[in-house]
Amino acid sequence: MTVATPAGSVPAEPEPEPGPRPELDALLTELAEGERRWAATPLDARIALLGRVHAAVAAEAENWVRTASRIKLLPEGSPLTGEEWMSGPYALLTSLDALARSLRAVAAGRSPLDGARFGRAPGGRVTVPVLPLGARDRLLLNGFTAEVWMPPGTDEETMRRQAGLGALRPERTTGVGLVLGAGNITSIAPLDVLYELVAHNRVVVLKLNPVLGGLEPVYRRALAPLVDFGVLRIVSGGGDVGGYLAHHPGVAHVHITGSLATHDLVAFGPGEEGRARKAAGTPLLAKPMTSELGGVSPVIVVPGEWSEADLRYQVEHIATQRLHNSGHNCIASQLVLVSADWPQREAFLDLLRTALRRLPARPAWYPGSAERLAAAAAHPGAEWQGAEGTRLLLDLGDGGGDVSPATTEYFAPVLGVLTLPGTGADFLDRAVGTANRDLAGTLGANVLADPATLRRLGPAFDRALAALRYGTIAVNAWTALGFLTATAPWGAFPGHTVDDAQSGIGVVHNALLIDGPERTVVRGPFRPFPRSVAGGEWALFPKPPWFVTARSAALTGRRLTRFAAEPSWARLPGVFAAAYRA
């Protein structure tokens with residue numbers, strides 16, 4: 001299944017402009033020298049360098065969030081600025097800390113997975129927990145867990161021995177890598193830079209997406225230790241710059257976060273010639289390429305007996321998965337799969353419509369959003385929610401008509417609903433088959449099921465998860481928590497190729513430096529505290545601060561970032577006080 005992208009959705013990277021670009025050639029010459037320096041840099045010095053970056057990011061956090069909020073047209077003081085704290089400097093700070101811990105383990109002759117409690121998943125898969133990994137995790141994300149599932153046939157000893165990736169042989173560098181940065185979430189480009197440096201031993205030229213060009217001064221200050229050390233160069237400009245660098249002989253590898261259309265433009269070139277190259281499997285780009293490309297993410301709603309409070313909470317949960325960052329997320333949920341035989345289906349859908357109408361208005365700020373919304377509005381099941389032109393619900397019925405929302409990533413506030421027959425394991429298996437077969441991409445899938453239903457399903461539930469071919473699966477949580485968990489690998493389900501990239505190739509983040517993961521499985525409480533405990537779930541987590549309805553999200557995000565910058569038990573009460581005001 002391929003991802004169709006509406007016209008005008010993303011800035012494209014064309015073929016390289018003819019003729020020399022001496023300023024870019026000079027940067028690559030500097031990075032060639034930087035690679036030699038990186039090869040000679042022992043792990044203890046790399047750990048110290050990450051520490052200096054951590055301090056620089058912490059110092060720049062306020063400017064970072066202020067600038068990002070301005071780009072995204074968020075008013076000063078809006079609770080929605082909490083998104084920019086948590087998906088910006090907070091995400092980068094926690095990754096720097098986790099990568100440094102892994103490097104310290106390798107430097108001491110240990111594996112980043114030493115002490116891990118391995119488990120088992122269906123199909124003979126070995127699993128390893130990546131959240132929580134300590135008392136602070138257990139307190140900050142009480143009730144949430146994440147584990148990595150390995151492909152069948154991988155054993156614990158191999159996992160332990162190979163964890164560390166490039167840090168196991170730091171002297172073996174792999175050239176200069178080009179990172180084509182994302183234009184939506186502000187931590188993505190810096191996180192990709194870190195992974196190139198640490199996991200792959202590649203020095204980096206980072207080409208910024210023009211949409212986030214206003215953050216260039218922030219990035220330069222936050223990442224100054226890497227620039228000063230000679231292992232990073234940052235450039236801006238249009239597609240001609242990205243194209244020139246991608247095809248430059250001084251660049252050994254390309255990593256892109258963006259759309260499948262942009263990936264294919266870089267890999268195969270534009271127009272009919274590019275499409276012919278793709279069909280023939282003969283890329284124009286003659287070098288390795290990794291990617292994270294989004295897709296159409298499902299929410300599978302397993303029918304059960306939900307209270308009115310459960311219904312209201314979960315429709316806010318789904319609305320958040322679509323409307324966070326105005327819907328401009330590669331991992332935004334786009335299609336809700338619901339049972340035709342669920343007695344509460346109509347009540348659920350009525351409340352979902354109400355939530356979409358009543359949520360605070362916010363601008364769809366990403367280029368091309370208006371055109372993508374207009375394209376979606378042509379669907380026969382389209383219903384404007386709130387002011388016309390702001391957000392859409394698409395009723396696909398039983399899938400017998402226009403199912404383009406299953407194959408088109410709108411990258412805008414558009415949410416579809418598909419109705420399937422069945423209850424219990426029958427519905428779940430049918431929904432898993434539909435997601436695998438009919439939906440574009442394999443980046444992330446979400447499953448909502450109440451505790452009583454999970455108990456009734458028993459082992460059949462994990463077997464269904466094993467059959468769901470997605471890089472991150474979230475149970476009673478949003479897959480974005482997998483993105484935010486520094487120790488969790490992030491990327492598409494493995495097996496894609498350059499000529500059939502779907503949601504991408506390879507993983508990033510992955511601060512435990514696990515070799516060859518298959519997927520991450522995140523689990524959370526079905527209800528927030530205190531209803532969680534009353535319903536039999538031992539989870540003390542309130543309404544999550546990433547919910548678009550969280551009133552204290554900005555304060556919580558700011559305090560979480562300060563805690564990540566300078567961890568201290570004394571800071572935790574302030575974090576909790578803000579979070580419980582959500």
Report summary line: Checking ARG172, ARG220, ARG233 in turn, the sole residue that is charged (D, E, K, R), open to solvent by 10 Å² or more (accessible area, probe 1.4 Å), outside any helix (DSSP H, G or I) and under 25 Å from ARG21 (Cα atoms) turns out to be ARG233
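Quick check on segment 142-169: of everything there that is part of a strand (DSSP E or B) and open to solvent by 40 Å² or more (accessible area, probe 1.4 Å), which residue is nearest to PRO517 (Cα to Cα)?
Restricting to residues being part of a strand (DSSP E or B) and open to solvent by 40 Å² or more (accessible area, probe 1.4 Å), the top hit is GLU147.
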Query raised in the report: Before we move on, is ARG110 modelled with pLDDT of 95 or more, part of a helix (DSSP H, G or I), open to solvent by 30 Å² or more (accessible area, probe 1.4 Å) and not β-branched (Val, Ile, Thr)?
Result: no
Report summary line: When restricted to LEU208, LEU226, LEU178, the only residue in contact with a Ser or Thr (Cβ under 8 Å, 6 or more places away or on another chain) and crowded, with 23+ Cβ neighbours inside 10 Å is LEU208
Query raised in the report: Which residues, counting only those in segment 376-425, are more than 27 Å from ARG362 (Cβ to Cβ) and open to solvent by less than 20 Å² (accessible area, probe 1.4 Å)?
Result: THR419, LEU420, GLY422
Query - Single condition PHE461 does not satisfy, out of (1) under 15 Å from VAL128 (Cα atoms); (2) over 17 Å from the mean Cα position of the chain (by Cα) - result: (1)
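Is there a residue in segment 196-204 that is aliphatic (A, V, I, L, M), in contact with a Gly (Cβ under 6 Å, 6 or more places away or on another chain), assigned to a strand (DSSP E or B) and surrounded by 23 or more Cβ atoms within 10 Å (Cβ to Cβ)?
Within segment 196-204, the subset aliphatic (A, V, I, L, M) is 197-199, 203-204.
The next check asks that each one be in contact with a Gly (Cβ under 6 Å, 6 or more places away or on another chain); those that pass are 199, 203-204.
Now narrow it down to the ones that are assigned to a strand (DSSP E or B): 203-204.
So of that shortlist, the ones also surrounded by 23 or more Cβ atoms within 10 Å (Cβ to Cβ) come out as 203-204.
Yes; the residues of segment 196-204 include at least one that is aliphatic (A, V, I, L, M), in contact with a Gly (Cβ under 6 Å, 6 or more places away or on another chain), assigned to a strand (DSSP E or B) and surrounded by 23 or more Cβ atoms within 10 Å (Cβ to Cβ).
Scan segment 294-309 and give yes if some residue there is crowded, with 24+ Cβ neighbours inside 10 Å, more than 25 Å from ALA406 (Cα to Cα) and aliphatic (A, V, I, L, M), otherwise no.
No, segment 294-309 contains no residue that is crowded, with 24+ Cβ neighbours inside 10 Å, more than 25 Å from ALA406 (Cα to Cα) and aliphatic (A, V, I, L, M).
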Query raised in the report: Is one or more of the residues making up segment 47-68 open to solvent by less than 60 Å² (accessible area, probe 1.4 Å), at pLDDT 95 or above, at negative phi and more than 26 Å from the chain's Cα centre (by Cα)?
Result: yes
Query raised in the report: When LEU74 is evaluated against the numbered criteria (1) in a helix (DSSP H, G or I); (2) aliphatic (A, V, I, L, M); (3) farther than 26 Å from THR145 by Cα, which criterion, by number, is the only one it fails?
Result: (1)
**Report entry** Residue list for segment 279-310, restricted to those being within 27 Å of the chain's Cα centre (by Cα) and either within 19 Å of GLY506 (Cβ to Cβ) or of a type in the set (Ser, Thr, Tyr) (or both)
**Finding:** PRO283, LEU285, LYS287, PRO288, MET289, THR290, SER291, GLU292, LEU293, GLY294, GLY295, SER297
Query raised in the report: Which of the residues spanning segment 489-547 are of a type in the set (Gly, Ala, Ser) and closer than 30 Å to VAL193 by Cβ?
Result: GLY491, ALA492, GLY495, ALA501, SER503, GLY504, GLY506, ALA511, GLY516, GLY524
**Report entry** Yes/no for ALA91 being surrounded by 15 or more Cβ atoms within 10 Å (Cβ to Cβ) and within 19 Å of the chain's Cα centre (by Cα)
**Finding:** yes
Report summary line: Scanning segment 354-373 for residues that are free of Cβ contacts under 8 Å to residues at least 60 places away in the same chain, open to solvent by 20 Å² or more (accessible area, probe 1.4 Å) and under 22 Å from PHE411 (Cβ atoms) gives ARG357, ALA361, ALA364, ALA370
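Residue by residue, here is whether (1) among the hydrophobic types (A, V, I, L, M, F, W, C); (2) modelled with pLDDT of 95 or more; (3) in contact with an Asp or Glu (Cβ under 6 Å, 6 or more places away or on another chain); (4) over 15 Å from ALA32 (Cβ atoms) holds:
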site	(1), (2), (3), (4)
ARG172	no, yes, no, yes
LEU178	yes, yes, no, no
ALA199	yes, yes, no, yes
ARG202	no, yes, yes, no
GLY213	no, yes, no, yes
ALA224	yes, yes, no, yes
SER236	no, yes, yes, yes
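The values are calculated or read from the model by the stated rules, or taken from the named source; none is laboratory data. These numbers come from a predicted model, not from an experiment. When we count neighbours, we look across all protein chains shown, and the Cβ atoms used for this are built from the backbone with ideal geometry, even at glycine. To get the accessible areas, we keep the full protein, side chains included, count just its heavy atoms, and leave off ligands, DNA and RNA. Shrake-Rupley method; radii C 1.70, N 1.55, O 1.52, S 1.80 Å.
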